[in-house]
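Enquirer: Take this structure first; my questions come after.
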Amino acid sequence: MSQLKCLEVVDVLKKCANHPSAFLATNQGTQHFLSNKVPGLIAYRLAGRNHVIIAAGVSAKTEHKDTLIEDFLAWVKKKRKKIIAVQMLRDDANILARHNFTVNQIGSSYSLALNGFKIAGTPFMKLRNKISRARRAGVEIKQLGKDLSFTPELESQLKKIDTQWLKQKHAKELAFLIGELGDLNNMDMSVKRLFVGFKEGDPVAYILYTASFGAYQGWMHDLTRRLPDAPTGVMELININAIESFMAEKAQYLNFGFTPLVGLSSEFEIPRVNSRLAQKIFLFLSKHGRFIYPADSQLQYKLKWSPNIVLPEYIAFQDGFSLEGLWNFLKLTQAL
């Protein structure tokens, strides 16, 4: 139970993590549990009076995960709390199921293998048209640390983009399950990349990419922001520039990350450990839950890049599904 420094967290993730979104462990306010028996960490936050929320996998080698989870369970028991684990891939979900967790699919994640990727051909026609529109509108893409330097003015301009984006979406800043820009002046380019779209010399949009480790090593298409009046296709133009840069560096994957409440299917549920009530709630929210999360538009953006890896992701409740636990999780992420 420790608040590690960011560099220490990154070092553990590089050695042990296997979830595309494991870099979320570096977010401010996230705490870290370590065992004195095996290497690895569990990233968590407290939610309400009774729950501990862990996200984006158990960052440990397969042979060490059971021990790390058992030690974490013992620590949580002393605190008289229950665990909710969200954004778990199937392997971690199965391990948690063995430790008396109720497990349900809660969404899907999407990844694109970059080897040989091209946007040629009919399937990418609309994507190419959007990219061309942004270029014709005079949008220029710059990467921080390469052809763009930090200035206090840039930082202020990006904050204004954040404010306008959230105002347009009528949304709070989602917490815990998305990345953070952090200190632009000291950004570690080995694990964070920032690409910014400019129009007539002013920033109009940006995408933050964070490092992914393990089986899906490469980059996570993480935080996205744009001005309401930014030219059509600006996000697509930023992303194709980033992809070209990552491919030149021989990165293996661009991970688009987790989208809740999409791709739900009975075939992905784990038999005998899932909650029928939770399944019904998530299916209802997938059809009527736009007030919680605007999954449709996010999914459409991801699918236009034709990701070739789609993985179900799970939520797990210690000692059974509870509405209180679900409520505490939604409050923690500011979805409500």
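Enquirer: Return the ratio Rg/(2.2 N^0.38 Å) for the chain, where Rg is computed over Cα atoms only.
Expert: Dividing the Cα radius of gyration by 2.2 N^0.38 Å gives 0.99.
Enquirer: To the nearest 20 debye, what is the magnitude of the charge dipole of segment 112-255 about its Cα centre, counting +1 on the Cβ of each Lys and Arg and -1 on the Cβ of each Asp and Glu?
Expert: 640 debye
Enquirer: Right, another one. Within straight cross-link reach of residue 5, meaning Cα distance under 20 Å, which aspartates and glutamates are found once same-chain residues fewer than 8 apart are removed?
Expert: Output for residue 5: 180, 183, 188.
Enquirer: Among 244, 140, 200, which one shows the biggest mean-square fluctuation in a GNM of the chain, springs joining Cα atoms closer than 10 Å?
Expert: 200
Enquirer: Let me ask something additional. If packing is taken as the mean number of other Cβ atoms within 10 Å per residue, what is the order of 44-56, 98-110, 303-315, highest first?
Expert: My ranking of the peptides, most packed first, is 98-110, 44-56, 303-315.
Enquirer: Over the chain, what is the mean sequence separation of C-alpha contacts under 8 Å (at least six apart), divided by residue count, expressed as relative contact order in percent? Walk me through the intermediate numbers first.
Expert: Working: 610 pairs, mean separation 92.6, N = 336.
Once divided by the residue count of the chain, the mean separation gives 28 percent.
Enquirer: Going highest first, how would you order 245-251, 146-152, 35-41 by mean Cβ packing within 10 Å?
Expert: Packing order, densest peptide first, comes out as 35-41, 245-251, 146-152.
Enquirer: Here is a follow-up. Using the Karplus equation 6.51 cos²θ - 1.76 cosθ + 1.60 (θ = phi - 60°), what ³J(HN,Hα) coupling, rounded to whole Hz, does each residue of segment 256-264 give in order, writing x for Gly and Pro?
Expert: Karplus values, whole Hz, x for Gly and Pro: 8, x, 7, 10, x, 6, 10, x, 5.
Enquirer: With Rg and the Kirkwood Rh both taken from Cα atoms, where does Rg over Rh land for segment 217-336?
Expert: Rg divided by Rh gives 1.02.
Enquirer: I need the phi-derived Karplus couplings for segment 225-240: 6.51 cos²θ - 1.76 cosθ + 1.60, θ = phi - 60°, integer Hz, Gly and Pro marked x.
Expert: Coupling constants for segment 225-240: 8, 8, 6, x, 9, 5, x, 4, x, 5, 5, 5, 5, 4, 5, 5 Hz.
Enquirer: Report, to the nearest 10°, how far helix 125-136 tilts away from the longest principal axis of the Cα atoms in the chain, using its own Cα long axis and a range of 0 to 90°.
Expert: The angle comes out near 50 degrees.
Enquirer: Moving on. About its Cα centre, how strong a charge dipole does the chain have in debye, to the nearest 20, once Lys and Arg get +1 and Asp and Glu get -1 at the Cβ? The partial results should precede the final answer.
Expert: Working: 44 positive and 30 negative charges, 142 e Å.
With only Lys, Arg, Asp and Glu charged at Cβ, the dipole is about 680 debye.
Enquirer: Another question about this same structure. Over all distinct alpha-carbon pairs, what is the Kirkwood Rh of segment 112-255 in angstrom?
Expert: 15.9 Å
Enquirer: Continuing with the same structure: Once phi is turned into θ = phi - 60°, what whole-Hz ³J(HN,Hα) does the Karplus curve with 6.51, -1.76 and 1.60 give for every residue of segment 15-30, x standing for Gly and Pro?
Expert: 8, 10, 6, 9, 9, x, 9, 4, 5, 4, 4, 8, 4, 4, x, 7
Enquirer: Check residue 47: other-chain or 5+ apart residues with amide H under 5 Å from its amide H, H built from backbone geometry?
Expert: When sequence neighbours closer than 5 places are left aside, the close amide H contacts are 52, 53.
No lab work stands behind these numbers, since they all come straight from the coordinates. Here the structure is a predicted model, which is why all the values come from computation and not from measurement. Here Cβ is always computed from backbone atoms with ideal geometry, including for glycine, and neighbour counts include all displayed protein chains.
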